[in-house]
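Only one structure is covered here, and it is reproduced in the block below.
The values are calculated or read from the model by the stated rules, or taken from the named source; none is laboratory data. Just so you know, these numbers come straight off a predicted model, no measurement behind them. Note: ideal-geometry Cβ built from the backbone for every residue, glycine included; neighbour counts use all protein chains shown. The protein model used for the area step is the full one, side chains on, heavy atoms only, and it has no ligands, DNA or RNA in it. Shrake-Rupley method; radii C 1.70, N 1.55, O 1.52, S 1.80 Å.
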Amino acid sequence: QVQLVEFGGGLVQAGGSLRLSCAASGRTISSYAMGWFRQALGKEREFVAAISWGGVWTYYVDSVKGRFTISRDNAKNTVYLQMNSLKPEDTAVYYCSASLAATPMTHEEYNYWGQGTQVTVSS
């Protein structure tokens, strides 16, 4: 089992930045691809970004390309999501997830989930 806990959410003005962290425990995440999803109020959970176990492959949803960066530190068992130029439409609960698949981009490919952290972007 992998336990995931997200940190770093909060309230920020449009144009600002936040850095989300996801700390894993229970197992090393070095053999897992990691992803970030988000769910806005009244909407379905949406894929945001993913990174392969070694960090060579990354993938982003079009709406965050050029603004968000996913990274990982396997030695610290932690994954990050740097979010810049935030927009009100980025407001959502952000979830960290772990997958045994090599390049997972869908909700169904992820095996473990955190509880989420709220990100609110004011206009």
Any chymotrypsin sites (Phe, Trp or Tyr not before Pro) in the range 1-82 that lie in a DSSP loop and have at most 13 other Cβ atoms within 10 Å would be Trp57
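With a Förster radius of 35 Å, plug the Cβ-Cβ distance of Asn111 and Gln13 into 1/(1 + (r/R0)^6) and report the FRET value to the nearest 0.05.
0.45
Of all the accessible heavy-atom surface of the chain, with the other protein chains kept in place and a 1.4 Å probe, what percent is carbon and sulfur?
On the way: 3160 of 6210 Å².
Carbon and sulfur together cover 51 percent of it.
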Eigenvalues of the alpha-carbon gyration tensor of the chain, times 5 and square-rooted, give semi-axes in Å, largest first, of 22, 14, 14
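If you roll a 1.4 Å probe over the heavy atoms of the protein chains, what accessible area per residue do you get for the range 43-123, in Å²? Working shown, then result.
Values: 4140 Å² over 81 residues.
With the other protein chains kept in place, the range 43-123 gives 51 Å² per residue.
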In vacuo Debye sum over C-alpha of the range 20-91, base-10 log of normalised intensity I(q)/I(0) at q = 0.15, 0.16, 0.20 Å⁻¹, listed in q order, is -0.51, -0.57, -0.84
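Which sequence of Ser123, Ser71 reflects their accessible areas, 1.4 Å probe, from the largest down?
Numbers: Ser123 135, Ser71 45 Å².
The ordering from most to least exposed comes out as Ser123, Ser71.
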Here the relative contact order (percent) of the chain, from C-alpha pairs under 8 Å and at least 6 apart, is 36 percent
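Tell me the net charge near Phe68. Cut-off is 12 Å between Cβ atoms, Phe68 excluded, with +1 for each Lys or Arg and -1 for each Asp or Glu.
Working: positive: Arg19, Arg38, Lys65, Arg67, Lys87; negative: Asp62, Asp90.
With Lys, Arg at +1 and Asp, Glu at -1, the net is +3.
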In the range 64-103, the trypsin sites (Lys or Arg not before Pro) that sit in a DSSP loop and have at most 12 other Cβ atoms within 10 Å of their own Cβ are Lys65
Taking the dipole of the chain about the Cα centre (Lys, Arg +1; Asp, Glu -1; charges at Cβ), the one of Ala92, Ser17, Ala40 that reaches farthest to the positive side is Ser17
For Lys87, counting only lysines whose alpha-carbon sits under 23 Å away and dropping same-chain residues fewer than eight positions off, the answer is Lys43, Lys65
